[in-house]
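Each reported figure results from applying straightforward, stated rules to the coordinates on display, with no laboratory input. Source: prediction; values computed, not measured. So basically every Cβ, Gly included, is an ideal-geometry build from the backbone, and we count neighbours across all protein chains shown.
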Amino acid sequence: MSMWWWMKARRTHSVVLSGLALSLLLSVTIGSEEVELPSLVSGMQQAVLTMFVPIPLVAALMVSLESRLPGIEASSVRRVGGWDALLVSATVGFWFVLAAVSGSGVVAASARNAAFLAGLMLLARPWAGEAAVMVPVAWTMVVVAFNRRPAPDPEPWTILPEPASAPHAALAAAVLFGIGISSVMFISKDKS
């Protein structure tokens, strides 16, 4: 399977680029805004919209990864899992490059959240398949429902509403993203 056919099968030029563009646009336009959302443990609380910004990108990556051609990929000489890992890494990495160039803390926090949520999704993908796209959404809802402290000082386990300067959130995102990428590369996802 050539790289060109793999890119067409994965719809990288339409689905992934559209998801990335939409998430970046949301990050720049509404990322730092706060809204009041209901919480199960603290009534109503302020939530930073940066938490929700990476969801279109993560969904686009899942659509791309799940648009596989199992028969052709099974007979492929090249490691398709490596290409899939490269696609996800390059997409999230591009967001980090833009964050570094822009110097925006909101874009940096969004990039970190994209890495964290993509890692969650990739870890769930071997056992949940396409439904793994809901894992990042579920995590975001858990954070909203069970975080007892509103922004700008959320509970450390939440990761998503943390500011870009929070080292524990960056470490958690890096570790989870690395494990998720490893699962794409090494865990076979045979759908035949």
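A few remarks follow.
- The alpha carbon convex hull volume per residue for the range 1-40 rounds to 105 Å³.
- Loop-located GluC sites (Glu not before Pro) in the range 1-40 whose Cβ has at most 14 other Cβ within 10 Å (DSSP): GLU33
- The charge dipole of the chain, taken about the Cα centre with unit charges on the Cβ atoms of Lys, Arg (+1) and Asp, Glu (-1), comes to about 680 debye, rounded to the nearest 20.
- Debye, to nearest 20: dipole size of the range 5-113, +1 on Lys, Arg Cβ, -1 on Asp, Glu Cβ: 580 debye
- Spherically averaged projected area of the chain from its Cα convex hull (nm²): 10.4 nm²
- Exposed trypsin sites (Lys or Arg not before Pro) absent: longest stretch of the chain, with sites in DSSP loops and at most 16 other Cβ within 10 Å deemed exposed: 80-147
- Evaluated on the range 126-186, the Kirkwood hydrodynamic radius is 13.0 Å, with distances taken between all distinct Cα atoms.
- The distance between label points at SER32 and PHE94 comes to 2.5 nm (points 7 Å beyond Cα on the Cα→Cβ vector).
- The chain: DSSP helices with Cα axial extent of at least 30 Å and average Kyte-Doolittle hydropathy no lower than -1.0: 80-102, 105-128
- ALA138-TRP5 pseudo-label distance in nm [points 7 Å out on the Cα-to-Cβ vector]: 3.6 nm
- Cα gyration tensor shape of the range 92-169, rounded if a/c is under 1.5, else prolate or oblate by comparing a/b with b/c: oblate
- Charge dipole of the chain about the Cα centre (unit charges at C-beta), most positive-ward option of ALA108, VAL35, MET62: MET62
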